[in-house]
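Student: Structure below; questions to follow.
No lab work stands behind these numbers, since they all come straight from the coordinates. Everything quoted here is computed from the prediction, not taken from an experiment. FYI the Cβ positions are ideal-geometry reconstructions off the backbone, even for glycines, and counts take in every protein chain you see.
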There are 2 protein chains.
Amino acid sequence: MDSRLNRFVAAWTPKINHVLKTDIEPDTDQRRLFEAMSYSVNAGGKRLRPLLTLATLTVFRQTITDSKLKAACALELMHTYSLIHDDLPAMDDDDLRRGKPTNHKVYGAGMATLAGDGLQALAFQWVVDNELAAQTRCQLSLALAKAAGPHGMASGQADDIQFEGTRLRLAELQKLDRNKTGALISYAVQAGLIMAGVAEKDQQPLLDFARNFGAAFQIYDDILDVVGDEKAIGKPVHQDSGKNTYPNLLGLAGAYDALKKTVDRAKDALKTADQTLQVDTSLLEDFCSYFVIKDEKHNGKTTR
Amino acid sequence: MDSRLNRFVAAWTPKINHVLKTDIEPDTDQRRLFEAMSYSVNAGGKRLRPLLTLATLTVFRQTITDSKLKAACALELMHTYSLIHDDLPAMDDDDLRRGKPTNHKVYGAGMATLAGDGLQALAFQWVVDNELAAQTRCQLSLALAKAAGPHGMASGQADDIQFEGTRLRLAELQKLDRNKTGALISYAVQAGLIMAGVAEKDQQPLLDFARNFGAAFQIYDDILDVVGDEKAIGKPVHQDSGKNTYPNLLGLAGAYDALKKTVDRAKDALKTADQTLQVDTSLLEDFCSYFVIKDEKHNGKTTR
């Protein structure tokens, strides 16, 4: 990982983790529910989404106040809720997440359902329960609802359930992923733009970056299932055979190629932003180092 | 039911139903998810919660604009999500709701989980996706999050799961119900107060009414399980034996007595509001006709 990004991540991850460790309990009225929510929120995520929000704020030279940090952390609550529900027996029925037993394995499916429900509500609470201007908080709340709800993530999850066992075409898989994982990642950048006060007409290049970054993220996740190491990525690999994934649809080399092209489009969007908005987006470009791209036909284990 | 309340309900229920019938689809990107959400939202609820919001606005002589109507309807989405998740196999595992198969019986537990998730997000969307002042929308969103989330409804549901099979004391049952059903009913009135621009210092009497109305609602629901008729209430009765309910804790006569006292407290709070705020809360008082109170020892079937 690039050293500038290393420093940024090292500076902000502990602050994000601190908010997520301390600020859930006072907003919860039930001990077991708090424990279930806290278990998954503090299970060691990379905090990619709030970091993307803070990086976008940094690109626009914004001071990261406590209010902005809290609003950024809301997205991690939303992301965690989606993982808890996705792992449920009624959904993917997964036993491991980030190397630990999934929420329902520890707390039961009923409490895990409620932990997800509670985290979603709390995410909406945190984007408005801060000192930002009311107009800003409304914009965050509306954008988050569209990204997480039936126009975004929930719709992608529904595609995932409905089309399990059905071979999708590439365009259908792209739509599924754009909603399922792309929407919240796009919101991460959008939240930074909203809090930085960037006018809607000027947001497009960075929204284009976010959309392509999110797409690349899903392609890479699919590739890791094929070539990754269970210990390194914290969940079982080789779970996707027969599922709708990029390697299954395009082959592994084709998936790497799609990844490379998608990351290139993300970087191109940043160049457009630099030129039209007179900003330096190189910190966001550094996030693309997350993707280890192999141009040659895959011939060994990918490391991260 | 009182004829003034009859007229109010007859005037506004179709308008609420119209919003709920027409406004979900454009906010949804997945057909099956839309059908699952719409199935439960349009399963014939009484719309008590949005009606309470609109009645509160009426008490303060507010014009009910499209924006206020939409924000009021958001609460019905939230309520419906809670019913769908509450019925899930991992929770109460119910087969019937409002006389129809529960959501997961029709769409499967995975899609039902997502329908609930989507409706919660959409509820938060609708309270901000309207023409109300930004400050008002933020207040609605924050109050809704506290009512529905881990400080409110989700906490009551967690109590319900955690203490299943454990005999609760009266104070513990009251806390459970205050969160599980009371929080959203209180929010219904609070949303009206917020949209009417009633200062926080003046809200207490009507919040007291709402808290007691919500408590009475749960006590009455418990009583109906004992004395009610399956066809009339649309779900199986006699499901609560051994559960933590008011009749099980206090006996049926004791539960009726608690209901009467709680409704009296609700009405007293309205008298205080009339005097201190110079308003006429009789429309809200009419809602108390929902509760058919028997003072004498129960000796027949309760009708509604």
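Student: What's the ranking of A:269-279, A:126-136 by average number of surrounding C-beta atoms within 10 Å, highest first?
Tutor: Descending packing order for the listed peptides: A:126-136, A:269-279.
Student: A follow-up question, please. So, in nm, how far is label B:Glu35 from label A:Asp23 when the simple model puts each one 7 Å beyond its Cα toward the Cβ?
Tutor: If labels sit at B:Glu35 and A:Asp23, their model points lie 4.1 nm apart.
Student: Which whole number gives the average, over all residues in B:23-32, of C-beta atoms from other chains lying within 10 Å of the residue C-beta?
Tutor: Counting Cβ atoms of other protein chains within 10 Å of each residue's Cβ and averaging gives 5.
Student: Measure up B:Lys21/B:Lys175; A:Lys201/A:Lys243; A:Lys175/A:Lys201; A:Lys21/A:Lys180; A:Lys146/B:Lys201 against 31 Å on the Cα-Cα distance and list the ones that go over.
Tutor: B:Lys21/B:Lys175; A:Lys201/A:Lys243; A:Lys146/B:Lys201
Student: Another question about this same structure. Going by C-beta contacts inside 10 Å, put A:Cys73, A:Cys288 in order with the fewest on the left.
Tutor: A:Cys288, A:Cys73
Student: May I pose another question? Measuring nothing but label to label, 7 Å from Cα along Cα→Cβ, what are A:Tyr290's distances to the other copies in nm, shortest first?
Tutor: 4.6
Student: In a Gaussian network model over chain A where Cα atoms closer than 10 Å are linked, find which of A:Ala188, A:Ala145, A:Ala266 has the largest mean-square fluctuation.
Tutor: Top of the fluctuation ranking is A:Ala145.
Student: Additional query: Need the list of aspartates and glutamates near B:Lys68 for cross-linking: C-alpha distance under 17 angstrom, and skip anything on the same chain fewer than eight residues off.
Tutor: Hits, sequence-local ones excluded: B:Asp23, B:Glu76, B:Asp129, B:Glu131.
Student: What are the distances, in nm and sorted shortest first, from the label point of B:Pro101 to the label points of the same position in each other copy, with each label point placed 7 Å from Cα along the Cα-to-Cβ direction?
Tutor: Result for B:Pro101, in nm, nearest copy first: 3.4.
Student: Further question on the same structure: Over chain B, what is the relative contact order in whole percent, taking alpha-carbon pairs under 8 Å and six or more residues apart?
Tutor: 19
Student: Using helices alone, what [θ] at 222 nm do you get for the protein assembly as shown, with -39,500 (n - 2.57) per DSSP H run of 4 or more residues, divided over all residues and rounded to the nearest 500?
Tutor: After summing the helix terms and dividing by the residues of the protein assembly as shown, the value is -21500 deg cm²/dmol.
Student: How high is the FRET efficiency between A:Arg4 and A:His238 when r is their beta carbon distance and R₀ equals 45 Å, given to the nearest 0.05?
Tutor: Efficiency, from the Cβ-Cβ distance: 0.80.
Student: While we're on this one: Suppose R0 equals 22 Å; then what is the FRET efficiency for B:Asp274 and B:Ala199 from their Cβ-Cβ distance, rounded to the nearest 0.05?
Tutor: Once the sixth-power term is evaluated, E becomes 0.80.
Student: Going by C-beta contacts inside 10 Å, put B:Arg31, B:Arg49, B:Arg211, B:Arg265 in order with the fewest on the left.
Tutor: Ascending number of Cβ neighbours within 10 Å: B:Arg31, B:Arg265, B:Arg211, B:Arg49.
Student: Out of B:Pro247, B:Pro101, B:Pro205, any idea which swings most in a Gaussian network model of chain B, alpha carbons joined below 10 Å?
Tutor: Result for chain B, Cα springs under 10 Å: B:Pro101 fluctuates most.
Student: Under the definition of partner shielding as Cβ atoms of other protein chains within 10 Å of a residue Cβ, what is the mean value for peptide A:84-90?
Tutor: Whole-number average of other-chain Cβ neighbours for A:84-90 is 4.
Student: Out of B:Thr58, B:Thr22, B:Thr245, any idea which swings most in a Gaussian network model of chain B, alpha carbons joined below 10 Å?
Tutor: In the Gaussian network model the winner is B:Thr22.
Student: Is there a simple number for the mean count of other chain Cβ atoms within 10 Å of the Cβ of residues in B:33-46, and what is it?
Tutor: Mean number of neighbouring Cβ atoms from other chains: 1.
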